[in-house]
Amino acid sequence: MEMPGEREKHAWRTEIIARRRAETPEEHAADTRALVAAAGQLDVGAWVCAYVPVRGEPGSTELLDALRTAGARVLVPVTGPPGPLNWAEYTGTDSLRRARFGLLEPVAEPLPTSAIAMAGLILVPALAVDRRGVRLGRGAGYYDRTLSAADPGARLVAVVRDDELVDRLPEEPHDRRMGWALTPRAGLQRLGEDHFTE
């Protein structure tokens, strides 16, 4: 039986996906350039978990390259059975191959879910995030099941467009809150209860 929170999340997803589809290639390219510039605010450390954007997600491989230029080794998800994500190291666009669901993945040997624990910074794709840190994903739950393996001190950063940082989203008990949002124009922003007013 579908719960009211699930219906509300579905409505949010439908609206945001429609807005992303309406974005022009020029708008997306401008947002990508701005995100790469904003990534300069990140303290990357030795390892970063990130993602290869698909289907209108903010960012591009240019963002991954910027993380590598800053000195980090970058892990991105690889497809597998439903459940926690496995990872592989991104070493440049020439290391990517087409995989299931239209994703691009490194050809490197996959690493287990526990590899996420090496990262002090985790960039998480999101459809939206609210000022409390509640993240709206696509609904499959891959990241919610994976983030429990992260280092408790890792910085969780939702990457969204500027209009996808909102005041409040529906939240369920299994949702893992983000500590920061990274947006093209506003850059890196701290999230949390003390940053939200009714």
Calc'd 3J(HN,Hα), region 87-101, phi into Karplus 6.51 cos²θ - 1.76 cosθ + 1.60 (θ = phi - 60°), Hz, glycine/Pro = x, comes to 9, 8, 7, 8, 10, x, 4, 6, 8, 9, 9, 6, 10, 4, 6
Answer in debye to the nearest 20: the dipole magnitude of the chain about its Cα centre, from +1 Lys/Arg and -1 Asp/Glu charges placed on Cβ, is 320
Ordered by number, the trypsin sites (Lys or Arg not before Pro) in region 1-97 that occupy a DSSP loop and have at most 14 other Cβ atoms within 10 Å are Arg55
The chain, Gaussian network, Cα under 10 Å: of Pro125, Pro25, Pro184, the residue fluctuating most is Pro25
Distance in nm between Leu188 and Leu111 label points, each 7 Å along Cα→Cβ, equals 2.0
When the chain is treated as a Gaussian network with springs between alpha carbons less than 10 Å apart, the largest mean-square fluctuation among Glu26, Glu105, Glu62 is found at Glu26
Arg33 and Asp151 label points (each 7 Å along its Cα→Cβ direction) are spaced in nm at 3.5
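Return the FRET efficiency for the residue pair Thr91, Ile17: r is the Cβ-Cβ distance, R0 is 25 Å, and the value is rounded to the nearest 0.05.
Details: r = 31 Å, r/R0 = 1.23.
For Thr91 and Ile17, the calculated efficiency is 0.20.
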The simple spin-label model distance between Glu172 and Glu26, using points 7 Å out along Cα→Cβ, in nm, is 4.0
If R0 = 35 Å, then Ala99 and Asp144, at their Cβ-Cβ distance, give a FRET efficiency to the nearest 0.05 of 0.95
Within the chain, the percent of DSSP beta bridges that are antiparallel, given to the nearest 5, stands at 50
If every Lys and Arg gets +1 and every Asp and Glu gets -1 at its Cβ, then about the Cα centre region 95-198 yields a dipole, in debye to the nearest 20, of 400
Filtering trypsin sites (Lys or Arg not before Pro) in region 108-198 by DSSP loop and by at most 11 other Cβ atoms within 10 Å leaves Arg168
FRET efficiency (Glu8, Asp163; Cβ distance; R0 22 Å; to 0.05) is 0.75
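Rule-based calculations on the coordinates, nothing more; no lab input. Because the structure is a prediction, the values reported are computed rather than measured. Backbone-built Cβ (ideal geometry, glycine too); neighbour counts: all protein chains shown.
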